[in-house]
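Colleague: Mind having a look at this structure? Questions to follow.
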Amino acid sequence: MKSQSLEKPFSDVELDQRAIAILRENEWGGYTLPTRGLYPFQWNWDSMFVALGFSEFDLERAWTEVETLFQGQWQNGMAAHIVFRRDDPSYFPGPSIWVSGQNPSTSGCSQPPVAATVVRDLYEKDPEIGLARLKEIFPRLMAWHRWFHMMRVISGGAAIAVTHPWESGRDNSPDWDRALSNVDPSGIADYTRKDTGHVDPSMRPTNEEYDRYLKLVEYGRETGWDHARITREGPFAVADPGVTFILMRADRDLLELAKVLGAQDSAHEITTWLYHAEEAADYLWSERLGAYAARDLRTDDSATGVSSVAFLSYYAGISIPRRDARLQATLRRILEVSKYSIPSFDPEHSRFDSKRYWRGPVWVIINYIVARGLAEYGFEREANRIRLDTREIIRGSGFYEYFDPICGSGAGGGHFAWTAAIWLAWASPMTD
Ligand code: DGY
C-alpha cells in the first residue's frame, strides 16, 4: 500500500462526516477495530481514543467501547493490549501464539492506560448518563492501575516498566533499540508476518525486531504469564516515560472519580501511588538530552534520543521549574525543525526515519495528549501549533494511522479509527 494524500480536498464538514463513517465502518458489535485488515481485533488504547471520538456524537456507544475492553480484564487486574475473542488468519501473532488462558482470549501484556482519563471525560460530558456506568467500571480501573503499580515496578523504583515494546504502544521506537539488542532471538519458532502484507514494509518494524518481539512472547508464555517474574527477571524491562506519564495522569483522573463516588479507601490508595510521581520523573530525566527518556532497568542506560512522549510530563501533572526551561527548549528545537509536529523521534538524531512506524512519524493521539498537557500548563502557543498541525495533516492526507512529519503524507493503515476519533474530539474546527 502506498502512502497517500487525499485525491481531492474535502471540506471540514465532509471530514467530520468521513470521520464518523470511519468509526462506524470499523465497529464490530460493541467494540471497534483500529482498521480492518491490519488490526482485526480490539486494541486497548486504540479503543479508548475511539471512545472519545464516539462521545462527540453517541455517548452511550462511547461507554460501551470502554465496557467491552474490560471484558478482557484478567483476574490479576491487567487489561490486555489486545482482546481477540476469535482467531483471524489475517493477523499474526494471534491467540494461539499468546496462549493467555483467558476467556475471551487476549494477548499477555498491557498497553498505555488512557482509560481512566477517557472515563472521566465521558462522565463529565453527562454525569446523569455516566454515573451508573462509572460505578460499574471504577473497580475495574482500580484493579488495572493497581496491577501496573505492583507488577510493572521493580522494587525500590517508581517509574513504570514495559516488558515488551508492544506494551508501550510505541513498538519500534529507538527507545527500545539497545535493550532489544540484548534479547537473543535464537530458537524462536518459524513464523510468517502478516502486517507487511497489508502495509508497505518500509513503514513497519524490521524482521530483526519482529524476531525479538516473538522471543519475548515465547518467554512470557513459558512463564505462564507470570507478570511479576517477567518484570523482575525477563529479557526486557525498560522504564517508559510514555506509560509512566499516561498512568500518572490516569491516576489523577481516577482520584477525581473516586471523590465523585465517595470511595475513600480507593482515594487513599491512589494517593499512595501518586506519592511516588516526582521520584518516577526524576528517574526518567536525562540531563544530557534535556528531556525525559526511557531507561533500561537491567543496565540503567538511558535512551540516546528524544521521543515525543518526553513532553507528556505536563499531561502527567509534573512541572519541575528547574527542568521545565530545558524541556521547553528541547520542544522548541524539535518544533522548529519539523514541518508537522510532533515527530515521534528527534528529527536531528541519526536513528530518525520519517516513515517507519514509531521512529519518526507523527501520531495524532500523542499530539492530542501532549498538547492537552501543554495547554493545561499555559503553553498555549505550542499546544496550538500542535493542534493546527494535526488539523492540516489530516486535511491534506486523510485518516491514516500515522504521518510523515516532513511531507505530511499518510502512512501505515488507512481509514484509521483513532485518527478519525482525534479529528472529531479535538482537531476538527467543529471543536473550536
Ligand atoms: C502490531 O501488531 O503491530 C501491534 O502494534 C502490536 O500491538
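The values are calculated or read from the model by the stated rules, or taken from the named source; none is laboratory data. The structure presented is a predicted model; accordingly, all values stated were derived computationally and were not measured. Reconstructed Cβ throughout: ideal geometry from the backbone, glycine too, with neighbour counts over all protein chains shown.
Colleague: Would you check if there is a residue in the stretch 153-167 being within 16 Å of the ligand (Cβ to nearest atom), out of contact with any strand residue (DSSP E or B) (no Cβ under 9 Å at 6 or more places or on another chain), assigned to a loop (DSSP other than H, G, I, E, B) and in contact (Cβ under 8 Å) with a residue 24 or more places away in the chain?
Modeller: Yes: the stretch 153-167 contains one or more residues that are within 16 Å of the ligand (Cβ to nearest atom), out of contact with any strand residue (DSSP E or B) (no Cβ under 9 Å at 6 or more places or on another chain), assigned to a loop (DSSP other than H, G, I, E, B) and in contact (Cβ under 8 Å) with a residue 24 or more places away in the chain.
Colleague: On the basis of being in contact with a strand residue (DSSP E or B) (Cβ under 8 Å, 6 or more places away or on another chain), more than 25 Å from Glu65 (Cβ to Cβ), in contact (Cβ under 8 Å) with a residue 60 or more places away in the chain and among the small types (Gly, Ala, Ser), does Ser354 make the cut?
Modeller: On the way: in contact with a strand residue (DSSP E or B) (Cβ under 8 Å, 6 or more places away or on another chain): yes; more than 25 Å from Glu65 (Cβ to Cβ): yes; in contact (Cβ under 8 Å) with a residue 60 or more places away in the chain: no; among the small types (Gly, Ala, Ser): yes.
Considered against the rule, which asks whether it is in contact with a strand residue (DSSP E or B) (Cβ under 8 Å, 6 or more places away or on another chain), more than 25 Å from Glu65 (Cβ to Cβ), in contact (Cβ under 8 Å) with a residue 60 or more places away in the chain and among the small types (Gly, Ala, Ser), Ser354 comes out as no.
Colleague: Here's another thing I want to ask about it. Can you confirm whether His227 is within 13 Å of the ligand (Cβ to nearest atom) and farther than 21 Å from Ala303 by Cα?
Modeller: no
Colleague: Hey, another quick one. Can you spot a residue in the stretch 314-335 that is under 29 Å from Arg204 (Cβ atoms), assigned to a loop (DSSP other than H, G, I, E, B) and within 19 Å of the chain's Cα centre (by Cα)?
Modeller: Yes.
Colleague: Something else about it: Which condition does Ala116 not pass, out of (1) surrounded by fewer than 21 Cβ atoms within 10 Å (Cβ to Cβ); (2) in contact (Cβ under 8 Å) with a residue 40 or more places away in the chain; (3) within 25 Å of Leu261 (Cα to Cα), if it passes all the others?
Modeller: (1)
Colleague: Continuing with this model, one more query. For the condition among the polar types (S, T, N, Q), touching a helix residue (DSSP H, G or I) at 6+ places or on another chain (Cβ under 9 Å), closer than 26 Å to Leu122 by Cα and buried (at least 22 other Cβ atoms within 10 Å of the Cβ), what is the one hit in Thr64, Thr35?
Modeller: Criteria check complete, one pass: Thr35.
Colleague: With respect to Thr206, is the statement that it is of a type in the set (S, T, N, Q) and closer than 24 Å to Gly360 by Cβ true?
Modeller: yes
Colleague: Please list, ordered by first then second residue, the pairs with beta carbon atoms under 8 Å, 6 or more apart or interchain, first in the stretch 176-199 and closer than 24 Å to Ala303 by Cβ and away from the ligand (no atom under 14 Å from the Cβ), second assigned to a helix (DSSP H, G or I) and among the aliphatic types (A, V, I, L, M).
Modeller: Val183/Leu216; Pro185/Leu214
Colleague: Confirm whether Arg193 is within 20 Å of the chain's Cα centre (by Cα), in a loop (DSSP other than H, G, I, E, B), of a type in the set (Lys, Arg) and farther than 30 Å from Lys259 by Cα. Give the derivation first.
Modeller: Values: within 20 Å of the chain's Cα centre (by Cα): no; in a loop (DSSP other than H, G, I, E, B): yes; of a type in the set (Lys, Arg): yes; farther than 30 Å from Lys259 by Cα: yes.
Against the criterion (within 20 Å of the chain's Cα centre (by Cα), in a loop (DSSP other than H, G, I, E, B), of a type in the set (Lys, Arg) and farther than 30 Å from Lys259 by Cα), Arg193 does not qualify.
Colleague: Could I ask something else about it? Could you tell me whether Asn172 is more than 17 Å from Met150 (Cα to Cα), modelled with pLDDT of 95 or more and loosely packed, with under 14 Cβ neighbours inside 10 Å?
Modeller: no
Colleague: Quickly run through the stretch 6-32 and pick out the residues that are out of contact with any Phe, Trp or Tyr (no Cβ under 7 Å at 6 or more places or on another chain), farther than 26 Å from Ser90 by Cα and crowded, with 18+ Cβ neighbours inside 10 Å.
Modeller: Result: Asp16, single match.
Colleague: Quickly run through the stretch 359-418 and pick out the residues that are aromatic (Phe, Trp, Tyr) and assigned to a helix (DSSP H, G or I).
Modeller: Tyr368, Trp418
Colleague: May I ask you to list the residues in the stretch 89-112 that are over 15 Å from Tyr191 (Cβ atoms) and either within 23 Å of the chain's Cα centre (by Cα) or surrounded by 15 or more Cβ atoms within 10 Å (Cβ to Cβ) (or both)?
Modeller: Those that are over 15 Å from Tyr191 (Cβ atoms) and either within 23 Å of the chain's Cα centre (by Cα) or surrounded by 15 or more Cβ atoms within 10 Å (Cβ to Cβ) (or both): Ser100, Gln102, Pro104, Ser105, Thr106, Ser107, Gly108, Cys109, Ser110, Gln111, Pro112.
Colleague: Would you confirm whether any residue within the stretch 214-229 is in contact with a His (Cβ under 9 Å, 6 or more places away or on another chain) and assigned to a loop (DSSP other than H, G, I, E, B)?
Modeller: Within the stretch 214-229 (the criterion being in contact with a His (Cβ under 9 Å, 6 or more places away or on another chain) and assigned to a loop (DSSP other than H, G, I, E, B)), the answer is no, since none of the residues qualifies.
Colleague: Ok, one more. Condition first: in contact (Cβ under 8 Å) with a residue 60 or more places away in the chain, surrounded by 20 or more Cβ atoms within 10 Å (Cβ to Cβ) and among the small types (Gly, Ala, Ser). Now tell me which residues in the stretch 372-407 satisfy that.
Modeller: Scanning the stretch 372-407 gives Gly373, Ser397, Gly398.
Colleague: Then there's this: Going by the conditions given, is Thr271 under 23 Å from Val238 (Cα atoms), among the polar types (S, T, N, Q) and either touching a residue at least 24 places away in the same chain (Cβ under 8 Å) or assigned to a helix (DSSP H, G or I) (or both)? Don't jump to the end; show me each part of the working.
Modeller: On the way: under 23 Å from Val238 (Cα atoms): no; among the polar types (S, T, N, Q): yes; either touching a residue at least 24 places away in the same chain (Cβ under 8 Å) or assigned to a helix (DSSP H, G or I) (or both): yes.
Here the answer is no, as Thr271 does not meet what is asked.
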